[in-house]
Amino acid sequence: MRQLIHKLYSRGGLSRDEIVYLLARLDAGVRKELYGLADRKRREKYGDKVFLRGLIEFSSYCRRDCLYCGLRASNRSAERYRLKPPEILDCCREGYGLGYRTFVLQSGEDPWYTEEILVNLIQEIKAEFPDTALTLSIGEREDRTYQRLYEAGADRFLLRHETASPKLYQTLHPSMSFDNRRRCLKVLQEIGYQVGAGFMVGLPGQTADDLADDLLYLQALHPDMIGIGPFIPHSRTPLSGAAAGTIEDTLAMVALARLMVPDALIPATTALGSLDSEGREKALKAGANIVMPNLSPIAVRTKYALYNNKICTGDESAACRHCLELRIHAAGFSVDMGRGDSLKSFQVK
Ligand code: SAM
Ligand code: SF4
Ligand code: FES
């Protein structure tokens, strides 16, 4: 086991069988070693810096019906809201004042925000804050729209592949296409975005083979960012009775992702922090190097409910900013408020 992990550390690659073998034998000792090596790899690449991104959850409307998500269209009890462009700009102003230099605009798939509205919004944000990076996480759109949003000034795009198993993907995403999800990721990369892919850990029916395929897919895609979080059930979805993913399994996947795609930016996700009060710190110690605190107005926070018991729904943006700084320092890292571009993006420029 030690040999396998060290091979991964020095060569960055394992076969599918080796990953599955490793996942089946992760005891406390092996995990500790794995997290330690992932931490070392992150320090080699990015030092002890943790980048902060201001997250603005601007719409809880969604036309999709992903089985796991509280925002799914069929969830009639979900409270829906839309922040209008001036309100989104206000969030950016508050975030800029707090020192953020990356804004992440995330939403359900909401056609109210037409290409036109998004282009104007992006242009306004970039005109007012030219030294910031803008990340979109708005799901699937036409290729042409991705292109126009990039030309308007969007720099990055997060679109998790969710799972590398075609069968599981199809079960979880009625009327969506596994192939199109992957195609979108390719298109986004070709356009020039810094791209984030990623997956959930502990989805009902997910196997070790599936998780190995997730890692191998990420290694082949070589995205700039990798979002990995535990699946957490939401009470008003068809998966309400399913068990959540575990913190240990998720941390193992974070660490393996760091070793297999060493120059990626990897967030310590809110879902990890929601599952375990120290989850984000544990992820930082297992190779993650991003935290994405919430900048959405408090009045809408609880309405962006992907899963139950999400953290920071009642905390002011300034409070989260301060809280995180303390937590990051206490965990032995330093805060970097810069744009925090991926190492890969410097290589291809
Ligand atoms: N609608 C866009 C999309 O799906 O790409 C962006 C927003 S979506 C809410 C962001 C991510 O939330 C998804 O990619 C998914 O991995 C995650 N998510 C949704 N429901 C979840 C749940 N129940 N547990 C953990 N993560 C969840
Ligand atoms: Fe909509 Fe995204 Fe939730 Fe799927 S994961 S239902 S696309 S918000
Ligand atoms: Fe939100 Fe600690 S990060 S309160």
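Here, each number is a calculation from the coordinates, and none is a lab measurement. As the structure is a computational prediction, the values presented were derived from the model and not from experiment. Positions of Cβ are backbone-derived with ideal geometry, glycine not excepted, and every protein chain shown enters the neighbour counts.
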Problem - Isolated Cys in the chain, by beta carbon distance under 4.7 Å - result: C62, C91, C92, C184, C312, C320, C323
Problem - Backbone HN-Hα couplings from phi across the stretch 271-287 [Karplus 6.51/-1.76/1.60, Hz, Gly and Pro as x] - result: 4, 5, x, 7, 7, 8, 4, 9, x, 5, 4, 4, 5, 4, 6, 10, x
Completion exercise
Expressed in nanometres to one decimal, the distance between label points 7 Å along Cα→Cβ at R2 and S15 is 2.4 nm
Fill in the blank from the handout: If one builds a Gaussian network model of the chain from Cα atoms under 10 Å apart, the most fluctuating residue listed among R160, R280, R141 is R141
Practice task
Rank Y113, L239, M253 by how far each Cα sits towards the positive end of the charge dipole of the stretch 2-348 (+1 on Lys, Arg Cβ; -1 on Asp, Glu Cβ) and give me just the farthest.
Solution key: M253
Problem - Amide H contacts under 5 Å for D48, placed H, 5+ residues apart - result: none
Exercise for the section: Any chance you could run the full-extension gain for N308 through R25? It's 0.36 nm times the residue separation minus the Cα-Cα distance, nm to one decimal. Expected result: 98.8 nm
Fill in the blank from the handout: Ratio for the stretch 51-108, C-alpha Rg to 2.2 N^0.38 Å, reads 1.31
Exercise for the section: Could you run the Karplus curve 6.51 cos²θ - 1.76 cosθ + 1.60 with θ = phi - 60° over the stretch 145-154 and give me ³J(HN,Hα) per residue in whole Hz, x for Gly and Pro? Expected result: 5, 3, 4, 5, 5, 5, 5, 6, x, 5
Exercise for the section: Please give the length that would be gained between Q347 and R236 if that part of the chain were fully extended, namely 0.36 nm times their separation in residues minus their C-alpha to C-alpha distance (nm, one decimal). Expected result: 35.5 nm
Problem - Against the rule of thumb 2.2 N^0.38 Å, how large the Cα Rg of the chain comes out - result: 0.93
Handout entry: Projected label distance in nm at A243 and T207, using a 7 Å step from Cα toward the beta-carbon
Key = 1.8 nm
Exercise for the section: Treating each Cα of the stretch 224-267 as an identical point scatterer and ignoring solvent, apply the Debye formula and state log10 I(q)/I(0) at q = 0.24, 0.33 Å⁻¹. Expected result: -0.79, -1.10
Handout entry: Relative contact order (%) - criterion: Cα under 8 Å, at least six apart; region: the chain
Key = 24 percent
Fill in the blank from the handout: Taking alpha-carbon centroids only, the stretch 274-290 lies from the stretch 174-196 a number of Å equal to 27 Å
Practice task
Per DSSP H run of at least 4 residues, take -39500 (n - 2.57); add these up for the chain, divide by its residues and hand me the 222 nm value, nearest 500 deg cm²/dmol.
Solution key: -14000 deg cm²/dmol
Exercise for the section: Please list, in chain and number order, the residues 5+ apart from L295 or on another chain whose amide H is under 5 Å from its amide H, with Hs placed from the backbone. Expected result: L55, I56, E57
Practice task
Kindly identify the stretch 224-308 as rounded, prolate or oblate by the Cα gyration tensor criterion: order the square roots of the eigenvalues as a ≥ b ≥ c, call it rounded if a/c is under 1.5, otherwise compare a/b with b/c, prolate if a/b is larger, else oblate.
Solution key: oblate
Practice task
Round to the nearest 0.05 the FRET efficiency obtained for A73 and N120 when R0 = 35 Å and r is the Cβ-Cβ distance.
Solution key: 0.85
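Indicate the gyration tensor shape class of the stretch 270-349 (rounded, prolate or oblate), computed on the Cα atoms with a ≥ b ≥ c the square roots of the eigenvalues: a/c under 1.5 is rounded; otherwise a/b larger than b/c is prolate and the rest oblate.
Taking the square roots of the gyration eigenvalues as a ≥ b ≥ c, the stretch 270-349 is prolate.
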Problem - Dipole axis of the stretch 2-348 (+1 Lys, Arg; -1 Asp, Glu on Cβ), positive-most option in L185, F51, F333 - result: F333
Practice task
Give me the percent of DSSP beta bridges within the chain that run antiparallel, rounded to the nearest 5.
Solution key: 5 percent
Exercise for the section: At 0.36 nm per residue, minus the direct Cα-Cα distance, what do E87 and E140 gain on full extension? Give it in nm, one decimal, please. Expected result: 16.7 nm
Practice task
Using label points projected 7 Å from each Cα along Cα→Cβ, tell me how many nm separate E151 and S177, to one decimal.
Solution key: 2.4 nm
Problem - Dipole moment magnitude, nearest 20 debye, the stretch 2-348 about Cα centre, only Lys, Arg, Asp, Glu C-beta charged - result: 440 debye
Practice task
Choose one answer from A24, A133, A243: the residue with the largest mean-square fluctuation in a GNM of the chain with alpha-carbon springs under 10 Å.
Solution key: A24
Completion exercise
Lys and Arg at +1, Asp and Glu at -1: neighbours of L265 with Cβ under 12 Å from its Cβ sum to +4
Completion exercise
Given the candidates Q123, L14, A73, the one whose Cα lies deepest towards the positive end of the charge dipole of the stretch 2-348, counting +1 at each Lys or Arg C-beta and -1 at each Asp or Glu C-beta, is L14
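Checking a compactness column here: for the stretch 135-284, what do you get for Rg(Cα) / (2.2 N^0.38 Å), N being the number of residues?
The stretch 135-284 yields a ratio of 1.03.
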Handout entry: Karplus-derived 3J(HN,Hα), 6.51/-1.76/1.60, for each residue of the stretch 85-95, Hz, glycine and proline x
Key = x, x, 6, 5, 4, 4, 4, 4, 4, 4, x
Completion exercise
Long-range amide H partners of R160, meaning residues 5 or more apart or on another chain whose placed amide H is closer than 5 Å, are none
Fill in the blank from the handout: Too long for a 24 Å Cα-Cα cut-off, among K32/K167; K167/K310; K45/K282; K49/K344; K7/K285; K49/K84, are K32/K167; K167/K310; K49/K84
